Amino acid sequence: MARMWKVLAGAALLAGPMGCSDFLTGGELSTDPNRPTAATNRQLFVGVQTNVWQLHASNLTRIVEIWAQHGTGNVQQYRDYARYEIDESVTNTQHSGLYGSGGLVDVRKLQEATRAAGDSLFLGIAQVQEAMIMSAGADFFGDLVYADALKGDEVPNPPLDPQLEVYDALVTLLDEAIVNMSRTGPTNVGPGSADLAYEGDRALWTKLAHTLKARILLHTAEVRPTVYPQVLAEARLGITRASEDFVAPFAGGAGEQNFWYQFTVVEREGYWIPNAEFVRLLETRADPRRTQYFNAAGTNLSADRLSPGFTQPLIMAAENLLTWAEAAYRTGATGEALTQLNAARALVPLPAISPAGAELLREILLEKYIATFQTNEAWNDYKRTCFPNLTPAVAGASITARFYYDTAERNTNSSIPSADEQPARNANDPPNATDPFGNACLGQLP
């Protein structure tokens, strides 16, 4: 059964964001004579699951990893991205993909169907999926159409909601998801084997919901510094073991291959390469992730990470432990902060250390920068903290803080401003004058 769902997920990958509609709702797939509701719900889940993977590990992630200086663009348009040269074409339907097949329209269908079926576990999981989709969208683009999305002729040109309001709505949604997932009963069966990360495990999805809440709240801390106690409370309830990581498993066969393998080996060899300074950072720290992440020459990803069947970590225990550590530090619980820093280091594995004062915060932030390789979070943290205090690849430039909306979305919604009317930074991401240690921030210009 799990193999069947991997094949269907592979079909969704091949179909792409605009081609999932037939896969999700066409023909016999919508009319299983034996279990029509369960079958359709699980097929919807697979399409949404695949879209979540793309938003957290595909094209936009590769680009923000360049801006976070984990990698760099070597040729063609990727060299332009490394110079912070982007336009509306860069997102390549990723903005409109938040709403279309596998996005908000399908996850809302899934929620409606699971609510009607009395499956509160499945409903809660679908709500967590919605939070993963729309929080990534808010991270990438800032203000988003959300409250009035999918209202059709009722609101033909839905307005953009401020990024902070989107984040707040998603925190509320996750609260609802946690309550729904706590309900038990014979109709609460969840997605089962269609869920390739957690197999519908109630406890793991609940921990993931708390982890997402901590992450989203942390993304607001630069303008809401009083949020750290809430971040701390949520992180304490989040994922803490590597076995609890939320991952994208790939079978490795045709149409079932890891995104980074598809791009780096099959499609665009040499476009994205490791950042030499990041490689040197790992070497100077004698960090085991030097060989886990990269090949011996430091010129490409490691053989494991370039495997077509590599299981891609998307939301990791290490990230949550370090979010926990930072929130503890910023609320004065330095002993708790040190404990969680060393818990994250033990996952590598690295030995325990005992920094104090500002050095403890430095180690927490640096460990998180290293641990969140191949995710969006190093870039998100950089926007929030200016750490590491990166030197822009172009002298005098500001490191890009948001993507432009898709041209296609602007052409269909008059509420979407043109590129020259869009801000360079979101209101939630004001430029930092200094890093956390008082040094002038090199890559965030007013």
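Quick notes on this one:
- Considering residues of the range 162-183 that are within 20 Å of the chain's Cα centre (by Cα) and of a type in the set (Val, Ile, Thr) only, the residue nearest to LEU237 (Cα to Cα): ILE178
- Hits in the range 259-277 (condition: out of contact with any strand residue (DSSP E or B) (no Cβ under 6 Å at 6 or more places or on another chain) and not β-branched (Val, Ile, Thr)): PHE259, TRP260, TYR261, GLN262, PHE263, GLU267, ARG268, GLU269, GLY270, TYR271, ALA276, GLU277
Listed here are the residues, each with its yes/no results for (1) modelled with pLDDT under 95; (2) over 21 Å from the mean Cα position of the chain (by Cα); (3) under 27 Å from TRP379 (Cβ atoms).
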site: ARG108; (1), (2), (3): no, no, no
site: THR114; (1), (2), (3): no, yes, no
site: PRO156; (1), (2), (3): yes, yes, no
site: PRO186; (1), (2), (3): yes, yes, no
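- Residues located in the range 227-253, provided they are open to solvent by 30 Å² or more (accessible area, probe 1.4 Å), of a type in the set (Gly, Ala, Ser) and under 23 Å from ALA318 (Cβ atoms): ALA233, ALA242, SER243
- Residues that are without any contact (Cβ under 8 Å) to a residue 60 or more places away in the chain, open to solvent by 30 Å² or more (accessible area, probe 1.4 Å), hydrophobic (A, V, I, L, M, F, W, C) and within 23 Å of VAL223 (Cα to Cα) do occur in the range 417-431, at least one of them.
Yes/no per residue for (1) closer than 17 Å to ARG268 by Cβ; (2) part of a loop (DSSP other than H, G, I, E, B):
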site: ARG62; (1), (2): yes, no
site: ASP87; (1), (2): no, yes
site: ASN92; (1), (2): yes, yes
site: GLU112; (1), (2): no, no
site: ALA126; (1), (2): no, no
site: GLY137; (1), (2): no, no
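Each row is one residue, and each column tells you yes or no for (1) among the small types (Gly, Ala, Ser); (2) touching a Cys at 6+ places or on another chain (Cβ under 6 Å); (3) on the phi < 0 side of the Ramachandran plot; (4) crowded, with 22+ Cβ neighbours inside 10 Å.
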site: LEU174; (1), (2), (3), (4): no, no, yes, yes
site: VAL189; (1), (2), (3), (4): no, no, yes, no
site: ALA209; (1), (2), (3), (4): yes, no, yes, yes
site: PRO225; (1), (2), (3), (4): no, no, yes, no
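The values are calculated or read from the model by the stated rules, or taken from the named source; none is laboratory data. Source: prediction; values computed, not measured. No Cβ is skipped: glycine too gets one built from the backbone with ideal geometry, and neighbour counts run over all protein chains shown. Accessible surface is based on the protein model in full, side chains and every heavy atom, while ligands, DNA and RNA are left aside. Shrake-Rupley method; radii C 1.70, N 1.55, O 1.52, S 1.80 Å.
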